[in-house]
Amino acid sequence: MTLVLSYAVNSLHRYMHPKTPLSKRLAVGWLFLISRAAAGFCPSPQPQQSTKFISASAKSSSHHRHSSNISASFKSYNQMSTAHTQKWADVFTHQNSNYSPQYLFPPFSSRSHKGSHGRIAILGGSNKYTGAPYYAAQAALNCGVDLATVFCAAEASVPIKCYSPELMVQGVYSIERFDALLEEEEALLAELEKYKHKNDLITVDNFDNGDDTTSNISLDKLLLEHDDSHNELIQNELLKNVDDTKKMDDIVNKLQKVKQLQESLQELQDRQMEIISKSVRDVVSMFPTLHALCVGPGLGRHPLVFKVVQQVLQRGMESNLTLILDADVLFMLSLEEYRELYEELLKYEGCIMTPNVMEMKRLPSPSSFGSENDKKNIIVEKGHVDAVSRGDVVMQCAEEGGLKRSGGIGDVLAGTISAYMAWNQIIERGNEGGKQQRAFAVWTACCTVKRATKLAFENKRRAMSSRDVLDEICGVIAHMEDDIERR
Ligand SMILES: NC(=O)C1=CN([C@@H]2O[C@H](COP(=O)(O)OP(=O)(O)OC[C@H]3O[C@@H](n4cnc5c(N)ncnc54)[C@H](O)[C@@H]3O)[C@@H](O)[C@H]2O)[C@@H](O)CC1
Ligand SMILES: Nc1ncnc2c1ncn2[C@@H]1O[C@H](COP(=O)(O)OP(=O)(O)OP(=O)(O)O)[C@@H](O)[C@H]1O
């Protein structure tokens, strides 16, 4: 009987989509009614848990069960007992729920204009990955946002534009140009290194110190201890001490060469900064029009791209913009160089991080934090059961997903979360209730994608791809809205 019922519910879910012919919808409707009547004899088990978020600290005993490699990084909520999990349907079966599904989706109105249902942007996409930012942006559009922009590497912009005419795509830097800048920098540094070799010793007499001994001074030491303005002084000093004119000429030439190299390096680094700042300006100039910015899908791992991202994230926090961080940006944040930025983001309420299993393992344990409660951002740990946590409060999404694990579903989730975050901005306008509701909206986004993968898998089985998941999103959301209306 349970099988009949679940088949009927699944069919109903799929076939009641408005695009399905009316005759098919009526037939499935009858099947559903008959199976519901029969199910009265074998009621489904009631959920044990309230749909409130649960406190992770209240479950400290399960925290202690973490394996040592997990404790080296973040506390992994998916390592906790899975008893406290919820499905979308559970939201309607509990009276003491402390969040409001009716405020998830912005209502339509005759005064709606282009953008009033959400404007999001993705920063990602590189010469290697063009699919990831497309999946994320298209997922947000398929959820229902009005406008989606992709900021990407110039090399990725044409392919992404070809995937969808609905996307606005802007190349904001060139990987080829960044490569050339890095190569130039590496060559200059290598040449400088040759001149600053530690064993390059100059023998000087110690006449000035009143004795007739000699000392060995390394050129490296001279260069490090004296800036350019002292070069002349050094030369005069050496002239007094070094008798050998040829050796003296040699030293002066070396000093001049080093000075030139240092100037070229400075000029190159200024040029790098200018190019990076221009890319940052291109993205930041859009901030006032955005409800949310998703950073990371297909970003790649170029060090200069990371410099752009670093400034964009800092400006995003200053502008109070909602930031969804996925994929390569999470790799970036696991690097020692970006530790300070990472810790700032953990304290930023408008930040949502969506690590997969590997990314979760890489993220370091925050050093400046007393407890999980100091974390203000939301973390979505993706897995068989997605765990959405904010501070020490965690809610797990037990919605059933499809069995196929194709590349890009994480990107679809990042885009879906971006859409829900845009709606949260539009509805709540950042008030206190909105912040509480935000984690619930992220959890609902997880349910949405799980359900979409389930439907896509039922349709396509082994051939299922992320595109099929994209196609299911609008139907899943339509059903969720129907659930809310029926409540
Ligand atoms: N079509 C595209 O353009 C796609 C681009 N992608 C991009 O590819 C880049 C690298 O992403 P990756 O996720 O590969 O980066 P990672 O360096 O985090 O690699 C993850 C690795 O872990 C493995 N893995 C994942 N889940 C696991 C689990 N539960 N247990 C054991 N191993 C597991 C994966 O097979 C993969 O090899 C990102 O920029 C991402 O956005 C991906 O999103 C896939 C699709
Ligand atoms: N073991 C699993 N069983 C079932 N679903 C899973 C499992 N792991 C992840 N998922 C689901 O797959 C989706 C993407 O998660 P995944 O871990 O593949 O992200 P990702 O590696 O960032 O994806 P992408 O391929 O886009 O980079 C999420 O909806 C998540 O719930």
Would you please name the residue that is nearest to Gln311 (Cα to Cα), looking only at residues in segment 142-160 that are aliphatic (A, V, I, L, M) and open to solvent by 40 Å² or more (accessible area, probe 1.4 Å)? Ala154
Answer from Leu333, Leu325 - the residue that is touching a Cys at 6+ places or on another chain (Cβ under 9 Å), of a type outside the set (D, E, K, R) and assigned by TED's automatic domain parsing to the domain that holds Glu155: Leu325
In segment 322-341, residues that are more than 16 Å from ligand 2 (Cβ to nearest atom) and buried (at least 22 other Cβ atoms within 10 Å of the Cβ) total 2
Go through (1) within 30 Å of Val393 (Cβ to Cβ); (2) open to solvent by 10 Å² or more (accessible area, probe 1.4 Å); (3) within 16 Å of ligand 1 (Cβ to nearest atom) for Phe92 and report which single condition fails. (3)
Please go through segment 308-351 and give me each residue that is in a strand (DSSP E or B), away from ligand 1 (no atom under 16 Å from the Cβ) and touching a residue at least 40 places away in the same chain (Cβ under 8 Å), ordered by number. Thr322
Among the residues that make up segment 415-424, is at least one of them assigned to a loop (DSSP other than H, G, I, E, B), on the phi < 0 side of the Ramachandran plot and more than 16 Å from ligand 1 (Cβ to nearest atom)? no
Of the numbered conditions (1) surrounded by fewer than 21 Cβ atoms within 10 Å (Cβ to Cβ); (2) at pLDDT below 95; (3) within 16 Å of ligand 2 (Cβ to nearest atom); (4) of a type outside the set (Asp, Glu), Ser389 fails exactly one; give the number of that condition. (1)
Please go through segment 118-141 and pick out each residue that is outside any helix (DSSP H, G or I), open to solvent by 20 Å² or more (accessible area, probe 1.4 Å) and more than 20 Å from Ala154 (Cβ to Cβ). Arg119
Look through segment 123-170, keep the residues that are touching a helix residue (DSSP H, G or I) at 6+ places or on another chain (Cβ under 8 Å) and of a type in the set (D, E, K, R), and return whichever of them is farthest from ligand 1 (Cβ to nearest atom). Glu166
Does segment 265-279 contain at least one residue that is hydrophobic (A, V, I, L, M, F, W, C), modelled with pLDDT of 95 or more and over 25 Å from Asn127 (Cβ atoms)? yes
Of all residues being away from ligand 1 (no atom under 13 Å from the Cβ) and farther than 14 Å from Ala121 by Cβ in segment 280-307, which is least open to solvent (accessible area, probe 1.4 Å)? Just the residue, please. Leu304
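The values are calculated or read from the model by the stated rules, or taken from the named source; none is laboratory data. None of these values were measured; they are calculated from a predicted model. Please note: Cβ atoms are built from the backbone with ideal geometry, for glycine as well, and neighbour counts cover all protein chains shown. Accessible surface areas use protein heavy atoms only, side chains included; no ligands, DNA or RNA. Shrake-Rupley method; radii C 1.70, N 1.55, O 1.52, S 1.80 Å.
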